[in-house]
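What follows is one structure encoded as structure tokens, with my remarks underneath.
The values are calculated or read from the model by the stated rules, or taken from the named source; none is laboratory data. This is a predicted model, so every value here is computed, not measured. Here Cβ is always computed from backbone atoms with ideal geometry, including for glycine, and neighbour counts include all displayed protein chains. Ligands, DNA and RNA are excluded from the accessible area calculation, which covers all protein heavy atoms including side chains. Shrake-Rupley method; radii C 1.70, N 1.55, O 1.52, S 1.80 Å.
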Amino acid sequence: MVVRFLIQRGLAAIYLFAFMVVLQQFKPLLGELGLLPVPLFLKHTSFRETPSVFMWRYSDRLLDAVGWTGLVLSAVALSGLSEHAPIWLSAATWLILWVLYLSIVNVGQTFYAFGWESMLLEAGFFATFMGPSQTAPSLIPVLILRWMLFRTELGAGLIKLRHDRCWRDLTCLFYHYETQPLPNPLSWYFHRLPKFMHRSSVLFSHLVQVIVPFGLFAPQPFASIAGGLGIFHQLWLIISGNYAWLNWLTVVLGVSGFSDSILMPVVRVTALGTVPRPPLLNGLLYAIGGATVVLSIRPVLNLLSKKQLMNYSYNRFHLVNTYGAFGRVTRERNEIVIEGTDEPVVTHETHWQEYGFKAKPGDPTRMPPQIAPYHLRLDWLMWFLPFSVIVAEGRIQISGYEVWFLRLIQKLLENDAATLKLFRHNPFEGKRPTSVRAVFYHYRYADWNERKETGTWWVRRQVDVYLPPVSISQLFGQ
């Protein structure tokens, strides 16, 4: 009962954050006037390819209804009200949450292409069958979540060992805290740890992700030890960076490794009398278990493959997926900084003013913020942009621009209020810039002396111009 309680409350909290992000970011990114409008996407797909309530029709008003419904149901599940209700109401709450979030992810395109979207959908779906507090718990959904944790950890461990050499020679953390997507206030300090600690941390990561997961299916207390080591590893990642709800969701999955008898002295849950599960539910649980075995064939083959895929869904419902992260670690940090000017003519003397993102590095004097488990989708996609750029002899080579990026530039030139809410700082309050450009910078952490003397967190050097200055009339001629 304790395991069920913690998993249900943990998943409800993560759903709550996920739907908050939907309500605050979806429309400027993907709405009717967004950077990648869903109505345009729906013209090129079908319900069979993209199951979603938005296949009926998309409108920003319907998106709000989906978002608020998801937020309310998440709060209901987090409060426990749904788990003190009849079994059908508990199951309906979790199933509706899954359907609503599936509808969002399936039309979210590149802004919803992160591995933890599928993780939340998979875990949220199987939570449907855990039952309310007054029903006797079943081991089947707990074992399915353990199996999900096993695939998550082992997939992450193998993708590292198979790809980047620095994971094998234990040097990846020499770079990772500096080059990770969105550093937090402690990342700078983690980067400055002695190298022997970095090597030891990588070795511990391999232990937890490659060897320990097999203990999840061992008798107690070994399964609990395996779950506990996984949770400790995730907490280390939580305090050293911003990875949305990836680590918190893995912590929730880690609870599945424990037994009630081990958790009861630590977590006090009022034990109520339970009634036997209905025969129909028992039959359904066996069917779900059998389906999970069948759906696991391809993920298992992927784990055994030298060409292992990372964060891939084999079905449109995002169930029993393959997971993994940071198969490659970048050695240097490059950032694209967007700037604007209100001067009528652009010259070498033009004064450019910088748009401030909410979390990604920009102003070198700004302390990296703590964002997770909240997910800033635009900031994350901006981190990916430099990966497609070739840097050679102090110049950059660009094969082309992402459509969403050019539309972002257009929105800034229009001083679009909805888009600007995705930013921390708009240097042109109340007026439009005449031109906008994007500059390619190299960033590194300031060292101890530089921090002490200047108070800066970052030292940056301009490498080249990523997008030359454009006005609203020039943009579509690019």
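Overview of values
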read-out	value
Cα-based helix-to-principal-axis angle, 115-127 vs the chain, degrees rounded to 10	20
Derived scalar couplings ³J(HN,Hα) [the stretch 47-59; Karplus, 6.51 cos²θ - 1.76 cosθ + 1.60; whole Hz; x for Gly, Pro]	4, 5, 7, 9, x, 6, 5, 7, 5, 5, 5, 10, 8
Helix 87-105 axis, angle to the chain major axis (alpha carbon atoms, nearest 10°)	20
Where labels lie 7 Å past Cα in the beta-carbon direction, separation of Asn315 and Glu402 in nm	3.0
Percent carbon-and-sulfur accessible area, the chain, ignoring ligands, DNA and RNA, probe 1.4 Å	64
Cβ-defined net charge surrounding Ala223, 15 Å radius [Lys, Arg +1; Asp, Glu -1]	-1
C-alpha long axis of helix 139-162 to longest principal axis of the chain, angle in °	40
Added length on full extension, which subtracts the Cα-Cα distance from 0.36 nm per residue, Val465 to Ser46	146.8 nm
Accessible area of the chain divided out per residue, in Å², using a probe of 1.4 angstrom	44
Solvent accessible area, Å² - Val53, 1.4 Å probe, full protein context	50
Pairwise label distance in nanometres, Thr110 with Arg192, each label 7 Å out on the Cα-Cβ vector	3.6
Among 180-186, 330-336, 38-44, 300-306, the order from most to least packed when residues are scored by Cβ within 10 Å on average	180-186, 330-336, 38-44, 300-306
